[in-house]
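The values are calculated or read from the model by the stated rules, or taken from the named source; none is laboratory data. As the structure is a computational prediction, the values presented were derived from the model and not from experiment. Cβ coordinates were reconstructed from backbone atoms using ideal geometry, including for glycine residues, and neighbour counts include every protein chain displayed.
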Amino acid sequence: MKAIIELAGVRKTYRSGSIEFEALRGVDTRIDEGEYVAVIGPSGSGKSTLMNILGCLDNPTEGSYLLAGEDVSRMSEAQLAEVRNRRIGFVFQQFHLLSSLPAWRNVELPLVYAGVPRAARRERAIEALTRVGLADRIDNKPGELSGGQQQRVAVARALVTEPALILADEPTGNLDSASTADVLALLEELHGAGRTIVLITHEHEVARNAQRNLVIRDGEITSDELTGAHA
Amino acid sequence: MNWFETVRAGIEAIRAHRLRSALTMLGIVIGISSVILTVGLGQGAQDQVKQQISALGSNLLIVSPGSSTDATGMRRGFGSASTLTLNDATAIADGSVVPDAKSVAPTTSTSTALTAGQTNWTTSVVGTTTNWLGVRTRQVSDGRFFTADEVTQAADVVVLGSDTATQLFSFGSPVGQTVSVDGTPMTVIGVLAPSGSSSSGTSEDDQAVMPISTAMRLSGSTTGSVSTIYVEAMSANTLSAAYQEINALLLNTHGVSADAADFNIATQDSLVATANSTNKTLTVLLGGIAAISLLVGGIGVMNIMLVSVTERIREIGLRKALGATPSVIRRQFLVEASVLGLAGGVIGVAIGYVGATVLPGLINQPVSVSAFATLAAIGTALALGIGFGVYPASRAARLTPIDALRSE
């Protein structure tokens, strides 16, 4: 199996004045193509820091991070932006949709920054929305959609660039149980179609949907086990 | 993300916050329209002065007497001395001495009451020669001008300005009627066509012109002194040559040095320059105030852009997470600020033009707006948008995506 994520001795230290805080204290792990992994940990465990580094939103202080074979641990901000655009699809807890734009314009955003021509962008955005079951909602603005539908739009946005990795940060944190099941089913379906998914959550119930659970505590991975969920 | 996409996104963002964008632009709009109007007013006033002075005639030199000092040592202003005479006019008219003078018209001027029947009217009575009509580029609309014979004979004839004619004769043509000038009855032989302008408070259309010999007889003058000698140069190119020749001639015949010259020669250009110097001061002053309002408008743009960056911090974070580089974000905000500035500029220019059309009717002042001023105003507005957008844009570009996404 081809590795999508390879972390070796990753440390992250935050400094505020004279106080140093080590959020990650040497994380080593490898996530292969097609895996569905949940990162679980209570707040303050370093889970968010790990998510930022995995998402190329932040550089590690020490250690190396290979994303799809590319060393991203020492890249500049502009280079990281380009890697995020090309390799990673984000799904956030607060959806982060732009309320003034219709669904398809939200979904096409990553393609705008990738320099894809306008006509192709619309076509691909509609394709991605169809894939998440919102073919009849392409012109609706986020305010006209339910929470579950909004998160589906966000998933479509994460899919549209065909990224190597889908990084979902508490994607069900703001949803009721019906919508939660809905979004988890969608992720499961994408996993079934061969996508690599990393789900960050503090809920064990949500994490059980993934094949593999990484438990993080005090900046270190304390447990790494398969859940037995079908691949 | 190419420029077209960036501009489109900028316009979308502006349209998403219509009220705020409109208020932001208002500062620029007011600034630009007031600059357009003040500059237009200044230009209009200058044009008017130029027109008035050129209405005096073309290629004109105006020779007036110098200052005089009375027995108590009180010095009077230019024109107070009676040092210019008919002899000077004759000398200037001599083609061998002043070859660049085409035509010479000596004039005297007094304020005198005219009476026609029951009506009286005090006006400026000008005594001159037949050349006056050509030198001053005037025309007779009714009747005729006096002839050289009438000048020689000091005939009792008068030509009225159009306003004077209207004041004295409400009905019918004044030609052939009689007016009494200072008690002497005179025949009205013609009426001047309106000159269409007034200069320095005295209407060119309110005067009574008669042969200089008649005027001197009426005033009892025996010295032959004149108040002004109008000289028309051969062409615009020979104007300064004519100036030099007349200056040398009069210094010589009056027997004075250049420092003690007892006369003054003005050209139309020098008159225009003098008149415009006051206008210019006013234009600069008003333009300065308008420029300050533009600056305030620019600060308004910066303020709103900073608010916009703060308010859209999550949007910026999201765009960055999705692959927008810092330079793309900077460009987006810069373009937004420029679009605000440019739109404000265009609206401001439009309002300026409306004002320039409406205002002359209200304040009786011409406003002339030039294409150059328009382009400069729009350019300034755009530059303001860019200039005051740089700081907010770089603030937006510097935001880290995590902090921006997490902010509430």
Original post:
Right, B:A337: away from chain A (no Cβ under 14 Å), of a type in the set (G, A, S) and out of contact with any Phe, Trp or Tyr (no Cβ under 7 Å at 6 or more places or on another chain) or not?
Top reply: no
Original post:
Do the conditions hold for A:L199, that is, is it surrounded by 14 or more Cβ atoms within 10 Å (Cβ to Cβ) and out of contact with any Gly (no Cβ under 9 Å at 6 or more places or on another chain)?
Top reply: yes
Original post:
How many residues are at the interface with chain B (Cβ under 8 Å from one of its Cβ atoms) and free of Cβ contacts under 8 Å to residues at least 24 places away in the same chain if we restrict to the stretch A:82-117?
Top reply: 3
Subject >> Qualifying positions in the stretch A:54-68 - away from chain B (no Cβ under 14 Å), surrounded by fewer than 20 Cβ atoms within 10 Å (Cβ to Cβ) and under 18 Å from the mean Cα position of the chain (by Cα) >> reply: A:L66, A:A68
**OP:** Output the residue which, of all residues in the stretch B:376-408 that are among the hydrophobic types (A, V, I, L, M, F, W, C) and farther than 23 Å from B:M302 by Cα, is farthest from the other protein chains (Cβ to nearest Cβ).
**Re:** B:L405
Original post:
Is it the case that some residue within the stretch A:75-84 is at pLDDT below 95 and either touching a His at 6+ places or on another chain (Cβ under 8 Å) or not in a helix (DSSP H, G or I) (or both)?
Top reply: yes
Original post:
For the stretch A:152-164, does any single residue satisfy the condition of being facing another protein chain (nearest Cβ under 10 Å), surrounded by fewer than 17 Cβ atoms within 10 Å (Cβ to Cβ) and in a helix (DSSP H, G or I)?
Top reply: no
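Away from chain B (no Cβ under 14 Å), of a type outside the set (S, T, N, Q) and not in a helix (DSSP H, G or I): is that true of A:L129 in this structure?
Criteria not met by A:L129.
Any idea how many residues of the stretch B:261-298 are more than 30 Å from B:A241 (Cα to Cα) and over 12 Å from the mean Cα position of the chain (by Cα)? Break it down stepwise before answering.
Filtering the stretch B:261-298 down to residues more than 30 Å from B:A241 (Cα to Cα) leaves B:281-298.
Restricting the remaining residues to those that are over 12 Å from the mean Cα position of the chain (by Cα) gives B:281, B:284-298.
Final tally of qualifying residues: 16.
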Subject >> Some residue of the stretch B:320-332 being more than 18 Å from B:N2 (Cα to Cα), of a type in the set (G, A, S), out of contact with any helix residue (DSSP H, G or I) (no Cβ under 6 Å at 6 or more places or on another chain) and within 14 Å of another protein chain (Cβ to nearest Cβ) >> reply: no
Original post:
Just wondering, is there one or more residues in the stretch B:78-87 that are modelled with pLDDT of 85 or more, assigned by TED's automatic domain parsing to the domain that holds B:S240 and assigned to a helix (DSSP H, G or I)?
Top reply: yes
Original post:
For the stretch A:44-64, does any single residue satisfy the condition of being hydrophobic (A, V, I, L, M, F, W, C) and over 22 Å from A:S76 (Cα atoms)?
Top reply: no
Original post:
Of all residues in the stretch A:48-107, which are among the small types (G, A, S) and on the phi > 0 side of the Ramachandran plot?
Top reply: A:G63, A:A68, A:G69
Original post:
Is it the case that some residue within the stretch A:92-99 is part of a strand (DSSP E or B), more than 26 Å from B:N2 (Cα to Cα) and not hydroxyl-bearing (S, T, Y)?
Top reply: no
